[in-house]
Amino acid sequence: MTLALLADLAQILAETFLEPDADLKEGLEELLNDLPSPALAEPLRQMVETTLSAEEQPVEYARLFLHAKDTDTAHLFESVQARGHQMAPEVLGPLQAIYDEADISVQEDLMVPPDHLGLELACLSYLLGQVIEGDLAERQRFVELAQRLIREHLRPFTLVVAGQLPKVAAHPYYLATTGLADALLSEVEKELAII
């Protein structure tokens, strides 16, 4: 498994969680053809096979993550999941430290708090890119930042979201996204451990 493919997969998952109307089927299919890991292939195949239409996807995204009508909302903000409200300093502080150490800044006009699951996955993709293509003298630092991001933020966060989605009768496409995110984190941990 190459880190480059894992970085691409992290970026696609970031888009899945950040962009309600993202058309990712082609990118998902390409990754499915390139990924040799069975742990990744199964949830990726589920995503490809259950892709929502351009009309249905933003509606389901809104129902699950923004404005649930008859169920709870599965919030995509780590602060809400961990502390019950947005912008919790005890979550944002350690996360911002990772962003700062990696020299990453969230676009000010993005209007999305930095602890959004999609942004954290995009950060992971960036960190993996730095491990692959960055300065060799900085490689170990980026490995450690990626490991810290997974251990302290992404792993517990994705587990909570994955546990909520079945309870709100999420569409199989979104159920597969959290399965894929969990498998991705495991594969990245394995790859980083041997660097």
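We did not get these values from a lab; they are worked out from the coordinates using the rules stated. Only a predicted model underlies this, so the values are computations on that prediction, with no experimental measurement involved. Neighbour counts run over all protein chains shown; Cβ positions are idealised from the backbone, glycine included.
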* Structure fact -> Scoring region 1-120 by relative contact order with C-alpha pairs under 8 Å, at least six apart, yields a percentage of 26 percent
* Structure fact -> So, with points 7 Å from each Cα along the Cβ direction, the E15-T2 label distance in nm works out to 1.9 nm
* Pull up the cross-link candidates among the aspartates and glutamates for K69, meaning alpha carbon to alpha carbon under 13 Å and not fewer than 8 places away within one chain. => E60
* Structure fact -> Relative contact order in percent for region 64-187 (Cα pairs under 8 Å, 6+ apart) equals 26 percent
* At each listed q (0.08, 0.09, 0.11 Å⁻¹), what is the log10 of I(q)/I(0) that the Debye formula gives for the chain modelled as equal alpha-carbon point scatterers? -> -0.24, -0.31, -0.47
* region 146-195: translational diffusion in µm²/s, Stokes-Einstein, Kirkwood Rh over Cα pairs, 20 °C, 1.002 mPa s -> 187 µm²/s
* Asked: Want the number for E29 to A54: 0.36 nm per residue separation, take away the alpha-carbon distance, what's left?
  -> 7.3 nm
* Structure fact -> In the chain, helical segments from DSSP H whose Cα atoms cover 18 Å or more along their own axis and that average at least 1.0 on the Kyte-Doolittle scale are 3-18, 117-133
* Stokes-Einstein D (µm²/s) once Rh is taken as the Kirkwood radius of region 1-75 over alpha-carbon pairs, at 4 °C in 1.567 mPa s -> 97 µm²/s
* Value of [θ]222 nm, deg cm²/dmol, for the chain, DSSP H segments ≥ 4, -39500 (n - 2.57) each, nearest 500 -> -19500 deg cm²/dmol
* Structure fact -> Taking Lys and Arg as +1 and Asp and Glu as -1, residues besides D182 with C-beta under 15 Å from its C-beta add up to -1
* Take the Cβ-Cβ distance between K69 and M111 as r, set R0 to 22 Å, and report the resulting FRET efficiency rounded to the nearest 0.05. => 0.40
* Rounded if a/c under 1.5, otherwise prolate or oblate - region 71-177, Cα gyration tensor axes -> prolate
* Asked: What FRET efficiency, computed as 1/(1 + (r/R0)^6) with R0 = 25 Å and r the Cβ-Cβ distance, is obtained for M87 and R155, rounded to the nearest 0.05?
  -> 0.70
* Under a Cβ-Cβ cut-off of 10 Å, what is the net charge of the residues other than S79 that fall near it, where Lys and Arg count +1 and Asp and Glu count -1? -> -2
* To do: Could you please state, rounded to a whole Å, how far the C-alpha centre of region 127-176 is from the C-alpha centre of region 1-57?
  => 14 Å
